[in-house]
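Right, one structure below, let's go through it.
Derivation of every value follows stated rules applied to the coordinates shown; laboratory data play no part. As the structure is a prediction and not an experimental result, all values here were calculated from the model. Every residue, glycine as well, gets a Cβ built from its backbone with ideal geometry; the counts of neighbours run over all protein chains shown.
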Amino acid sequence: MTIVPYKAFAPVDHKPWGTLALIAANLLVALLLGFPHRVEAPWGFETPPQPAINSWVLELGKVRPLTWVSSAFVHFGWIHLLGNIAFLWTYGLMVEGLIGWRRFVPLYLGIAILPSALVQLISLGPAGLWAGGASVAITGIMAVALLWTPRNRIRFFYWVFAAAGTAEVPLIALTGVFLGFDALIVLFSGAVTSAALFHTMGAFCGLGAGVFMLRRNLVDTGGWDLLSLRASRGHAPGWQAGMGGNPEPRSPREALVDVRDALEARDYAQADDAYDGLRSLAPKFVLPRAELRELVQGLLQRGMREKAWRRGEEFLGAYPEEAAGMRLALVRSLLKGGRPQRAQDLLARLTDSGPLPPAQEAAARELAIEIEQAIRRPHAELE
């Protein structure tokens, strides 16, 4: 089973320069120095020089402080490296988006250093064992993201036996599975030295750092971190509080949570208004496809066709690979709302993204007939 996240849905306050720099550093180390491996001498011959990258790994049984940092940039193959880069990009974007690169990079390196130093200083594990990779620091960043932005969503690629595809879930669900799986391995293995142990140590370092920064007001989560959410459980969501005269959301993160609270309550008019507020704060941000689709469908069900048509056009532009199904829904709504000409124009673009599945093609033919009949009837179509 393979699960690789590749996209986070979260408006950010800072560009991910630190995340990009760390990704570039990991790639450069691999391209310039390669991957560590032991070089054995043939029987009876002198041992040849070892690759320079071998001195970068974290070796148990020795105390070498420089490797506490360097080992975080060493990987044992391209799959190891590229997998870590995918996780670093997805989670680094969210965490750095809250605090900027000046705090993110020290946080990342601090999480990488502490478990490595602890393992070497207490001589945990058999002497001569090698360790390396960015995953310790990344696991810590995942724990920070879980603490600070639990209500964000993540899109990931999965490959399970013969099935492969993409899916989208809340951050708290995906991250909880990864961290929980490592913790269970450590629990049932007796805490032997392993990747799971390093990951769990990194996660605890990340949680500790995340709580410390929250307590010292070194990060502004807009009140949507796990600690604040637990403290305010039972209070009205932000979009409801705003109806009572409270100020509008102060940040894109607050506005995004307002949208999701309204969607969860199935108050689609409020969700649409909150989304307008979010777009005014973060003009380039687009809701994840599942949430935007729910908003369009909810608006249609409530009879708010103009709002639904506007959000539907946004969906078509953001997610063209799913345009056919959304266009069919919008065409039906336009026809029902007395806009046959506009429905015909939208139906004409239905095959822009390629041939339709048989069921959708049959539905499109039926709609075309209904539109022609509606156009022939006397009507006043207002645009």
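Gain on full extension, evaluated as 0.36 nm per residue between residue 158 and residue 285 minus their Cα-Cα distance, stands at 43.2 nm.
Applying 1/(1 + (r/R0)^6) with r as the Cβ-Cβ distance of residue 368 and residue 173 and R0 = 35 angstrom yields a FRET efficiency of 0.25.
Cross-link reach is defined here as a Cα-Cα straight distance under 30 Å, omitting same-chain residues fewer than 8 places apart; for residue 336 the lysines meeting it are 307. Label reach from residue 66 (point 7 Å along Cα→C-beta): in segment 122-165, no amide nitrogen lies under 12 Å. Taking label points 7 Å from Cα along the Cα-to-Cβ direction, residue 21 and residue 195 give a separation of 2.9 nm.
3J(HN,Hα) couplings calculated from phi for segment 292-305 with the Karplus curve 6.51 cos²θ - 1.76 cosθ + 1.60 (θ = phi - 60°) are, in sequence order, 5, 5, 4, 5, 4, 5, x, 5, 5, 5, 8, x, 8, 5 Hz; Gly and Pro show x. Within the shell defined by Cβ-Cβ distances under 15 Å, the residues around residue 90 carry a net charge of +1, with Lys and Arg each +1 and Asp and Glu each -1. Spin-label model, residue 332 to residue 183: label points 7 Å out along the Cα-to-beta-carbon direction sit 4.4 nm apart. Each other residue within a Cβ distance under 14 Å of residue 18 adds +1 if Lys or Arg and -1 if Asp or Glu, for a net charge of +1. For segment 207-212, backbone phi angles converted through the Karplus equation (6.51, -1.76, 1.60; θ = phi - 60°) give residue-by-residue couplings of 4, x, 5, x, 5, 4 Hz, Gly and Pro being listed as x. Extension gain, residue 301 to residue 361, is 19.2 nm, computed as 0.36 nm per intervening residue step minus the present C-alpha separation. With 0.36 nm allotted per residue and the present C-alpha distance subtracted, the residue 228-residue 82 stretch has 49.1 nm of extension available. Counting charges near residue 119 (Lys, Arg +1; Asp, Glu -1) among other residues having Cβ under 14 Å from its Cβ returns a value of +1. Altogether, the Stokes-Einstein calculation at 37 °C and 0.692 mPa s, with the Kirkwood radius of the chain over Cα pairs as Rh, returns a diffusion coefficient of 137 µm²/s.
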